[in-house]
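Structure, as C-alpha cells:
Taken together, the values in this text are just the output of simple stated rules run on the coordinates, not laboratory data. This structure is a prediction, so every number in the text was calculated from the model and none was measured. Here the Cβ positions follow ideal geometry from the backbone for every residue, glycine too, while neighbour counts run over all protein chains shown.
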Amino acid sequence: MRQKGIVQGKEYEDSEIEKLLHPLLREWFKSKFTSFTPPQKYAIYEAFKGNNILISSPTGSGKTLAAFLTTLNMLIDLASKNELEDRVYTLYVSPLKALNNDIRKNLEEPLEEIYELAERKGIKLQPIRIGVRTGDTEQKERQQQTRKPPHIFITTPETLSIILVSPKLSRSLTRIKFLIIDEIHAVAENKRGTHLSLSVERLQRIQEGKMVRIGLSATIHPLEEVAKFLVGFENGRERDCIIADVSFSKPIDIKVISPVEDFFRESSESISEKLYETLADLIKSSKTTLIFTNTRSATERVVYNLRKRLGKDFPIRAHHSSLSKNVRLEVEDELKNGKLRCVVSSTSLELGIDIGYIDLVVLLGSPKSINRALQRIGRSGHKLHEVSVGRVVVVDQDDLVECTVLTNEALNRRLDRIKIPQKPLDVLCQHIVGMAIEKKWSVDEALKLIRSSYPYRNLTKDEFISVLKYLAGHSDFEKKRVYGKIWFDESEEVFGRRGKLLRPIYYLNVGTIPDEVAIKVITKEGKRVGKVEEEFAERLVRGDVFVLAGRTFRFLRSKGMNIIVEEVEGEKPTVPSWFSEQLPLSYDLALRIQRFRREMEEILNSELLEFEDAVYYLRKNYNLERSSAEAIVRYFREQNLFSFIPTDKRFLIENFQDEGSECYVFHSLIGRRANSAISRVVAFRAGMLKNCSVKIAINDNGFMLKLPYRKRLSKEEIIELLSPENFVDHLVRALDRTEILRRRFRHVAVRSLMVLRNYLGREKSVWRQQLNADSLLRLIKKNFGNDFPVLKETYREIMEDSMDLENAVDFLNRLRQMEIRLARTPYPSPFALNIFVLGEEDVVLMEDRKKIIRSLYEKITRLIELRAEALADSK
Amino acid sequence: MGMEGNGTLEIDGVILLPEKAIIIDDTAIISDLHLGIEQSMPGSVPRLQIREIVEMAEKIFDYGIETLIVNGDMKHEFSQNMPYEWDDVRYFVERMLEIGKLRVVRGNHDNYLATILAKYGIELERRIELADWTIVHGHEEVEGKKLVIGHEHPSIRLRSGYSSYTYPCFLRCSNEREVLVLPAFSPMLKGSDVLSTFEFLSPILNSFSSAAIEVYAIEDGIYEMGDLKKLREIIEMR
C-alpha cells in the first residue's frame, strides 16, 4: 500500500522493531535498554521501510538513536557479510558545529560495545568509519576522507555545499541510503536553512538509488510545513513523509514570578534589587539552575549582580556566543561534571548540546515566543519522563502581562507558527554558481531542481532568468557581457561556468551568515577598549558618541583599520543601537495578548465583579500567584480609568504633548516586526501630509510617532494614514536612505556574490577601502530599478524576514471591523509608558541632503559673523 | 564672497563647480574617474557609473570651456586583459572629443593608458602648466608654487538624526605654497573623510596644518565651510 504526501506516523511495538534488527544489534540493545523510547518507536520501523520521516521530540528522548539505529543496523549487517564498500552510506548534517563531535562520540561508544560483543561471539566485522568534516577539519584529515570516505559522514550545511562541487569526494556521495538533518527547527526559519534545502536537492540529483531523509526537530509548529521543507518536491508534488510527533510527551511545570507587587510604585533600583533577590532565592533552592536572558549583555550583567549576592566563590558562570570557544567549552564541561550551581546564557545553550543535569530553568523576561519558551524550559529534567520545571521572572508590567499569557499558551501547547523565508534570490545566486561548477545546465532542468526545494517551489522562470542574467553580467546597459561568473546563452537557454577562478571563489564565499570585519577601538592614549563592526565604524562621523561594553565614547578619528576615541561620561549617544539584539514577539502570541486585554476589560467593566473577583479569576485561570494577579488587575484598572484599554476589538491611539512635540502612541499589539512596517509607512504618510520629519519608536506592543510642535493629526487623518492601500510602495519609499536599507543591502550584496568578502584567499574589505555603498545603491536603482535581483532581495528580506509585512497588512485590513479610538491625554497612559520611555529610535526624513549641509553652512556663517562682531567690539 | 546663482564659486580667478570640476581660463579640470572600477571589483558589480560620468562631464562643457583635463586616475586598474575593460575609456574619450579637447595627466592607476590614448592622438602627460598653475595628479611630490592635484578624494561626512551623509569637497591649502585639491569625479568611490582622517595620501599635503586648509563642500552648489581646524571643532560642538 502506498502512503500519500505528508501523514502522521504511528507507534510500533517493540517486538515489531526488534524483528528487523540484526542479532548483534538486538542483543546489544537489550543489554542496554529495556524498551524503545517514543521517538524510536515511531521512527525506526519507518526508516527500515525506506520512508522519509520527521521526528519532533524533546532532548533526551533518544532522538539520535532513533535516527541512527537503522544506519547502524545496515552497516553492521554489511560489515558482518564483508560487503562494506568505501563510500558514504549515511550523511548527517547539523547546523551546530559543536554538536558534531558529540554525535561522533555518541555513535562510537555503541559501536565499540557492539564490536566487543561480536568479538566475544567470534563474529568478524569490517571496521565502520565515522568522519566529521567542518570548516575546522585539517587538511590531512580531509585528504584521508577523500581517499577512504567515512561510512557515516558528519558535517554542517556550509561544508555540504562545498563537498557538492568537490570532484572526487562528491563521487562517494552518489549512493547515500540515509540523510539525517538535525536541529531543523533552528534553520528552517532563516537563510541557512534555505541554503541547506537547495544543497539537499543538489545532492538528491546525483543519487543513483533512494536516499531516505530523516529530520530531527524540537517543538515546532506546524510540523507539516517543516516536513515539506525536509523532503521537498518531486515533479511538482511534495515527496512523501511521515511525521512522528512525540513533542508532547515531556511534562512541564511552568509559572510566572513577579519580583514586586506593583511596578509603578517602586523605583527602578528597588525593582532590580528585588529581581536579583528572587533569582538568588531560586538558585539556592535548586541543585543546578540555567538562567536564560534575552541579550548577551544582560547575561554578563546578571552574573555580575548574582556574584555580588551569592559571594564571589559561588559556582556561577556566563555562556554566550561572544565568549571564546575555549571558555564556552570550559563552562559546558563544568556543567556536565556538576561543578556549577548556575549558568546564565542568552541563546547559546538553547540548542541541543548535551549539558547534563539541570533541575530548574529560569527565564528572565519574556522569551517572546511560545516555542522558544518550551525549548528553553525543555533543557531542564533531562530524562524523558522527568518534569521540566521553568520559572519566568518578569521585569516590568508589560512583561508580566505578556508572560502570563505566554505561560498559559505554553501549558496548553498552543505553538507559534514558523515562517520559512520564500525564495531568497541571494542564496539562489550562490547555488547557481555551485551548479554551474558541476556541469552545463539547461534552464528548465535547473529550474526543475531548484523548484524541488520547498522555499523555491514558487520561483518563476522570469525570476530565475533575471538571476542568471545578473550572474552572467548581462545587466550592463549596453547589453554587453561584463564580468560574469557564469555564461548564459539566452536564446538557447543554457548556462555554465566561466573561468577557472569560479571554484575557489565559491569555496571561499559560500554561506549565509554575514561575517563582519571587526574594527579595533583605541583611546587616544593608545589603550584598546574593544571592537565594533566595520559597518558601524564606517557610519561614524566626527563628534559621534556611542556606547561600547557599557561605556560611552566619543569618536575622534579613524586610522587605518582602527578608530580612535575618547571616553566621555554622561553624554547622550548620537548613534542608535541599530544592532539591537531584541527578540521580537511572535504575531500569534501578540494576538492572544490582545484577546487577554479584552478579557480583562470585560471583567473590569462588569458591574457585578470587584477587584478581588478579578484577582481570583486570574489566579484560577492563569495559574498566577496572588501578587502577580494583583499587579495585573491594578495595571489594567489604572489604564481603564485614565484612558481606554486597547483590545482585539478596539484600536487605541493616544495623543499627548511632550516638550512641545506631538506624540501619538498607536497601541497595535502585533509584535515589533509588524509594528516596524506599519510605523514606517504611517510616519512616511504623516510626513508627506504635514510636510515634516517624523520620529518613531517601536516595541512589541505598539509604536509612537513624534511630530513637531502644532503638527496635529485629526482622527480622520489618522484613519487615512492607516490605509492598507499602496502599503508596499510607501514602505519602499519610507526605507529610502535608512540605515536598515544600507545594512541589509550590504549583506545581500555579499551573499549574492556581487561584492566578495574573500577573493582568492585575501580577505579585504572592499566596502571600507573603496566602495561608497550609498552610491552603489543609488546607481543600481537608477540603472536597473528595484527589480534588479540584489535590490529585490534586499527589499524582500527587510519586509518579509526582518519586518512582518504579511501580518502588518493583515492587521490593517482587520481594522475595518475594529473600533478606532483616538484619546487625547495630558500625559502618557500606563500602557503607553514603555513605548514613550524608549525615546525615538528612527526617523522618517522628509528633508534632503541639501538641508543638512545648508544648516551646517548657516551655523558656520553665523559663528563667523559673531566673531567679527566680537572683534569689532573689542577694538 | 558667496555662491553664484548657478551654484558656482569663484576664488582668485578659479571657478569651483558643483559638477566636481574647476575652471581656469577656458579649461576645466576633473580628477579620479576610476573608469572600470566595477569590473575590477572581485565580484559581479554591474557596469554602473560610465553613463553618469559622461553626462556630468558633458555638463561641464556647457560652461563654455574648450578643453577638459583629466587630472589622473582616469582608469581604475589594469590587471586583467579583458577586452571590454577598455570600453569605458574609449566611450568616455570619444564622447568628449565630440564636444571639445581632452588632455590627460598620468595618475598612479594609469598604467597602459598611453597606448589607448595614442590612438586618439592624446598624449598622457606628467604635468600640465596652465596660467600660473601646475596640474599634477599628486601621488608624488613635485616642484611648483601653485598646484592643482587630485588623488586625495576628499569628502566630509555629517550626521543628521540617525543617518550620516557624505559630501565630496574641494580643499584649498595655502602656506608659502598654494594647493587646490579636487574631489573624485567617480560617484562610486567612498572618498576620504577629512574630518575624521588625519593623514593625507598625497605627500604634497603633509606640510599643511589643518588651519591652513579651507574646505568647500559640494551639494547643489559650493558651500564654503571655513578652515578644517575650526570645522572639526564646530562639528564636535553640535
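To the nearest 10 degrees, how steeply does helix A:325-336 sit against the main Cα axis of chain A, on a 0 to 90 scale?
Result, in degrees: 70.
For the protein assembly as shown, just list the percent of Cα-Cα distances falling in each 20 Å bin from zero outward, please.
Spelled out bin by bin, the protein assembly as shown gives 11, 36, 35, 16, 2, 0 percent.
Set Lys and Arg Cβ to +1 and Asp and Glu Cβ to -1, take the dipole of the protein assembly as shown about its Cα centre, and tell me which of B:42, A:857, A:28 lies farthest positive.
Among B:42, A:857, A:28, the one farthest towards the positive end of the dipole of the protein assembly as shown is A:28.
Starting from the Cα of residue A:124, draw a straight line to each of the lysines and keep only those under 20 Å, dropping any in the same chain fewer than 8 residues away.
In chain and number order, the partners are A:81.
Based on other C-beta atoms within 10 Å, arrange A:161, A:558 from fewest to most. Show your work: numbers first, answer last.
Working: A:161 24, A:558 20.
In increasing order of surrounding Cβ atoms, one gets A:558, A:161.
Could you tell me which of A:545, A:40, B:100 has its Cα farthest along the dipole of the protein assembly as shown towards the positive end, charges placed at Cβ (Lys, Arg +1; Asp, Glu -1), taken about the Cα centre?
Result: A:40.
Students often get this wrong, so check it: of A:168/A:461; A:105/A:140; A:706/A:851; A:706/B:229, which have C-alpha atoms separated by over 27 Å?
Numbers: A:168/A:461 32 Å; A:105/A:140 21 Å; A:706/A:851 20 Å; A:706/B:229 36 Å.
Exceeds cut-off: A:168/A:461; A:706/B:229.
Restricting the count to DSSP beta bridges whose residues both fall in region A:518-567, what percent are antiparallel, rounded to a multiple of 5?
80
Can you pick out the pairs among A:210/A:439; A:49/A:325; A:368/A:423; A:423/A:485 whose Cα atoms lie more than 29 Å from each other?
A:49/A:325
Counting partner chain Cβ atoms within 10 Å of every residue's Cβ in A:531-540, what's the average? All intermediate terms of the calculation are to be shown ahead of the outcome.
On the way: counts 0, 0, 0, 0, 0, 0, 0, 4, 5, 5.
Partner Cβ neighbours, averaged per residue: 1.
Taking the number of other C-beta atoms within 10 Å as the exposure measure, put A:404, A:159, A:37 in order starting with the fewest.
Numbers: A:404 26, A:159 23, A:37 20.
So the ranking, lowest neighbour count to highest, is A:37, A:159, A:404.
What do the square roots of 5 times the Cα gyration tensor eigenvalues come to for region A:6-247, in whole Å, largest first, as semi-axes of the equivalent ellipsoid?
On the way: eigenvalues 131, 112, 50 Å².
Largest first, region A:6-247 gives 26, 24, 16 Å.
Given the C-alpha atoms of region A:74-167, compute the convex hull and give its volume per residue in Å³. Each step should come with its number before you reach the end.
Values: hull volume 9.1 nm³, N = 94.
Looking at region A:74-167, the number lands at 97 Å³ per residue.
For region A:158-297, what D do you get in µm² per second when you plug the Kirkwood radius from alpha-carbon pairs into Stokes-Einstein at 37 °C and 0.692 mPa s? Before the final figure, lay out each step's value.
Working: Rh = 19.5 Å.
My calculation gives 169 µm²/s for D.
Just to confirm my numbers, what's the Cα centroid distance between region B:1-54 and region A:189-234 in Å?
Distance between centres, Cα-based: 53 Å.
For a footprinting-style exposure proxy, rank A:275, A:501 by other Cβ within 10 Å, fewest first.
Values: A:275 21, A:501 13.
Final ranking by Cβ density, sparse to dense: A:501, A:275.
Strictly greater than 32 Å: what percent of every Cα pair in chain B meets that? Mind showing how you got there, number by number?
Numbers: 4858 of 28203 pairs.
Result for the distance tail: 17 percent.
Placing +1 on the Cβ of each Lys and Arg and -1 on the Cβ of each Asp and Glu in the protein assembly as shown, which of B:18, A:689, A:594 has its Cα farthest towards the positive end of the resulting dipole?
Farthest along the dipole direction, towards plus: A:594.
When you look at the Cβ of every residue in A:778-788, what mean number of other chain Cβ atoms sits within 10 Å? Intermediate results must be reported in sequence, preceding the final value.
On the way: counts 4, 10, 3, 0, 3, 7, 2, 0, 0, 0, 1.
The shielding value for this peptide is 3.
For n ≥ 4 DSSP H runs only, could you compute -39500 (n - 2.57) per run for the protein assembly as shown, divide by its residues and tell me the 222 nm figure to the nearest 500? Could you put the intermediate results ahead of the total?
Details: 38 runs with 438 residues, N = 1113.
After summing the helix terms and dividing by residue count, I get -12000 deg cm²/dmol.
Using the Cα centre as the reference, give the magnitude of the dipole from point charges on the C-beta atoms of chain A (Lys, Arg: +1; Asp, Glu: -1; all else neutral), rounded to the nearest 20 debye. Mind showing how you got there, number by number?
On the way: 143 positive and 126 negative charges, 598 e Å.
Dipole about the Cα centre, nearest 20: 2880 debye.
Compute the helix-to-body angle for B:228-237: its Cα long axis versus the longest principal axis of chain B, expressed 0 to 90° and rounded to tens.
60
How much of the DSSP beta bridge set in the protein assembly as shown is antiparallel, as a percent to the nearest 5? Write down the numbers at each step before the final one.
Working: 76 of 156 bridges.
Expressed as a percentage, antiparallel bridges in the protein assembly as shown total about 50.
So which lysines pass the test for residue A:284, namely a Cα distance under 21 Å, with those fewer than 8 places away in the same chain ruled out?
Qualifying lysines at Cα under 21 Å: A:255, A:274, A:308, A:312, A:336, A:339.
Calculate the dipole size of region A:428-512 relative to its Cα centre from +1 charges on Lys and Arg beta carbons and -1 charges on Asp and Glu beta carbons; express the result in debye to the nearest 20. Display every interim value, and only then the final one.
Numbers: 15 positive and 11 negative charges, 71 e Å.
Charge dipole, region A:428-512, about its Cα centre: 340 debye, nearest 20.
Expressed as an acute angle from 0 to 90° and rounded to the nearest 10, what is the orientation of the C-alpha long axis of helix A:268-284 relative to the principal long axis of chain A?
The two axes meet at around 20 degrees.
Kindly identify region A:799-839 as rounded, prolate or oblate by the Cα gyration tensor criterion: order the square roots of the eigenvalues as a ≥ b ≥ c, call it rounded if a/c is under 1.5, otherwise compare a/b with b/c, prolate if a/b is larger, else oblate. Spell out each step's value before the answer.
On the way: a/c = 4.32, a/b = 1.40, b/c = 3.08.
Here region A:799-839 falls in the oblate category.
Report, ordered by chain and residue number, the aspartates and glutamates lying within cross-link reach of residue A:177, taken as a straight Cα distance under 17 Å and ignoring same-chain residues fewer than 8 apart.
Within the straight-line limit of under 17 Å, residue A:177 reaches these aspartates and glutamates: A:46, A:77, A:83, A:85, A:86, A:201, A:208, A:240.
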